[in-house]
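The values are calculated or read from the model by the stated rules, or taken from the named source; none is laboratory data. From a predicted model like this one, the values you see are computed outputs, not experimental measurements. Methodologically, a virtual Cβ is constructed for each residue, glycine included, from the backbone with ideal geometry; neighbour enumeration extends over all protein chains shown.
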Amino acid sequence: MKKNVSFKLYKVIGLIAVFALLFGNVFSLSSRAEGLEYETASAVPDQEDNYGPDTKGETYCVINGETGEVLLAKNKDRIMYPASCTKIMTCLLTIENVPDLSATMTFTRSAVDIDPSSSTLDPKACEGETMTVLSALYGLMVKSANECGAMLGEYVAGSEAAFAEMMNERARKIGAVNTHFMNAYGIHNDQHYTTAYDLALIMQEAMKNETFRKIAGTAQYTIPATNMNGPRAMRNSHEMITGAFPEEGVLAGKTGSTPQAGRVLVTAAEREDMYAIAVVMGDDKENYYKDTHVLFAFAYDLRADRVRPVEWLPVNDNVTTTANVHIRYSPSTEGGIYTTLNAGTTVHRNGVYEGWSRVIYGGRYGYIATAYLQSDHPELVPSTEEYTGTEAPTDPPPETESEPGITEIPEESVSEDAESPEETTATVSPGKKDEDVGKSTWKIVLIILGSLIGAMLIAILILVILNNRRERMRRRRKRRRRPPERE
């Protein structure tokens, strides 16, 4: 009887613990999912040759994939390191120079003798392993395998150095005159460089090839078994291709990352009767997908004449944050996050526009939702009602609006590994603001409470199991000591 009761107790405590942990995780996951919602891009003209929204990335370029026309640019001709986006050229040259992609090649010692910490197949290709050229191309673009790049270079040109010369010659023919390659897969070398504009031209040329488009747009692929390894299942590292970061109309792309290059992302997409290529360079892990999304949204809004220039009303005051808020790179909830300010932080403001304030922080401009700022001289702040439009509207703006513009709900805490911060588009009144901040606080409290209860119940369950086990052992020892009964 006791055994049945103990077993039922285990089940009850275990189920409660699992429920409590799931309860906390569901809230956490729902918060991350909400962060993937976006509105339209804001219009932020820049100076001279640059035009487009500000981004975390050091440089970017968006071109019309059909005509090559530059649609958006930021430092597009600045010399940068391409990292694994080098493999776009490697893939194109291999396809152009190998008539039969089903041909088999054998990995050499020099091809597999690369930095073991670099990106490779799983498991890494071995010396003497045979593989078709097509399989290696999928390994190159889907898994971003460096040993595949080195081997393809050797197979096509006889040596990786000779292949690099072929890459440079092909780049010159494309018009990528500020590009120089030293290897086939993008490992860092000071003399291995390109620009955002050149990389866009290289991607444009590669996308003309149907085989390249198919390989570079593949989300998952399995390399068949070889003479030395079984099948290798792979998933593309480009999250817009796999759908992990949703983006409409994505055709193909490539990721790149080294400490010197930062994050590099090349993406081709087609929608609204336009095919565009976006290149982001010198970015970071938290923002390179968001920056690419903003660039595509802006480019398509620009084509559809949905973008209006931002005209800031001048103001000169100090403002204090009334909640934890993000400073963004552009006045939009889509804009990349520059940093996060705690409630009670004071910064200088020099302009307002449609529910956004332009502030100076860390020696540069940033943008904060005005609803979460309190001025030290409110009488100096011009009324935003002088504007009749809204930021990058998709529909005609309303005739009147008491507090127009896109604002954001601040988070009580910002997770480093979150997909993106919780964002919304709304006209925020003081009462609604307090209500939303309260909801955010309660959500965090529930997550913490659920996790703590789950951990406590698991600890209790472990103690009950250990105690029950000790009791069984005690009874067993007692039975062994009992003398046998005499007849």
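For Arg328, the conditions (1) touching a residue at least 24 places away in the same chain (Cβ under 8 Å); (2) among the charged types (D, E, K, R); (3) at positive phi all hold with the exception of (3).
Residue-by-condition table, conditions (1) under 11 Å from Tyr185 (Cβ atoms); (2) touching a Cys at 6+ places or on another chain (Cβ under 8 Å):
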{"residue": "Leu72", "(1), (2)": "no, yes"}
{"residue": "Ser84", "(1), (2)": "yes, no"}
{"residue": "Asp115", "(1), (2)": "yes, no"}
{"residue": "Pro123", "(1), (2)": "no, no"}
{"residue": "Thr130", "(1), (2)": "no, no"}
{"residue": "Ser135", "(1), (2)": "no, no"}
{"residue": "Val142", "(1), (2)": "no, no"}
{"residue": "Met166", "(1), (2)": "no, no"}
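Among the residues of the range 346-370, those that are at pLDDT below 90 and farther than 15 Å from Trp312 by Cβ comprise Tyr361, Gly362, Gly363, Arg364. If you go through the range 119-178 and pick out every residue that is of a type in the set (Asp, Glu) and farther than 29 Å from Asn229 by Cα, you end up with 2. In the condition set (1) modelled with pLDDT of 95 or more; (2) over 17 Å from Leu199 (Cα atoms); (3) not charged (D, E, K, R), Val280 is compliant with all but (2). Thr94 meets all of the listed conditions (1) out of contact with any strand residue (DSSP E or B) (no Cβ under 6 Å at 6 or more places or on another chain); (2) surrounded by fewer than 20 Cβ atoms within 10 Å (Cβ to Cβ); (3) touching a residue at least 60 places away in the same chain (Cβ under 8 Å); (4) β-branched (Val, Ile, Thr) but one, namely (2).
Listed by position, the helices (runs of 4 or more DSSP H) inside the range 161-263 whose residues that are free of Cβ contacts under 8 Å to residues at least 24 places away in the same chain number at least 3 form an empty set.
Here are some residues: Lys285, Lys214, Lys254. Which one is at pLDDT below 95 and among the basic types (Lys, Arg)? Talk me through it step by step, then tell me what you get.
Details: Lys214 fails: at pLDDT below 95; Lys254 fails: at pLDDT below 95.
Sole residue among the options that is at pLDDT below 95 and among the basic types (Lys, Arg): Lys285.
Counting only helices (runs of 4 or more DSSP H) that sit wholly inside the range 46-150, those with at least 1 residues that are assigned by TED's automatic domain parsing to the domain that holds Ala216, touching a helix residue (DSSP H, G or I) at 6+ places or on another chain (Cβ under 8 Å) and of a type in the set (Gly, Ala, Ser) are 109-112, 133-141.
One residue alone among Glu239, Glu205 is closer than 19 Å to Leu295 by Cα, charged (D, E, K, R) and out of contact with any Lys or Arg (no Cβ under 7 Å at 6 or more places or on another chain), and that residue is Glu239.
Every residue, every condition in (1) part of a strand (DSSP E or B); (2) at pLDDT 90 or above; (3) on the phi > 0 side of the Ramachandran plot, yes or no:
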{"residue": "Leu295", "(1), (2), (3)": "no, yes, no"}
{"residue": "Arg308", "(1), (2), (3)": "no, no, no"}
{"residue": "Asn318", "(1), (2), (3)": "yes, yes, no"}
{"residue": "Thr333", "(1), (2), (3)": "no, no, no"}
{"residue": "Gly344", "(1), (2), (3)": "no, yes, yes"}
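Against the test of being buried (at least 24 other Cβ atoms within 10 Å of the Cβ), touching a Pro at 6+ places or on another chain (Cβ under 7 Å) and under 13 Å from Ile88 (Cα atoms), the options Leu199, Leu140, Leu152 yield a single qualifying residue, Leu199.
The rows are residues; the columns are (1) outside the structural domain of Lys76 (by TED's automatic domain parsing); (2) among the hydrophobic types (A, V, I, L, M, F, W, C); (3) under 21 Å from Thr195 (Cβ atoms).
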site: Ala268; (1), (2), (3): no, yes, yes
site: Glu272; (1), (2), (3): no, no, no
site: Ala276; (1), (2), (3): no, yes, yes
site: Asp284; (1), (2), (3): no, no, yes
site: Ala299; (1), (2), (3): no, yes, yes
site: Asn324; (1), (2), (3): yes, no, no
site: Arg328; (1), (2), (3): yes, no, no
site: Tyr338; (1), (2), (3): yes, no, no
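Where residues in the range 116-134 are hydroxyl-bearing (Ser, Thr, Tyr) and closer than 21 Å to Glu239 by Cα, which of them is nearest to the chain's Cα centre (by Cα)? Top of the filtered list is Ser119.
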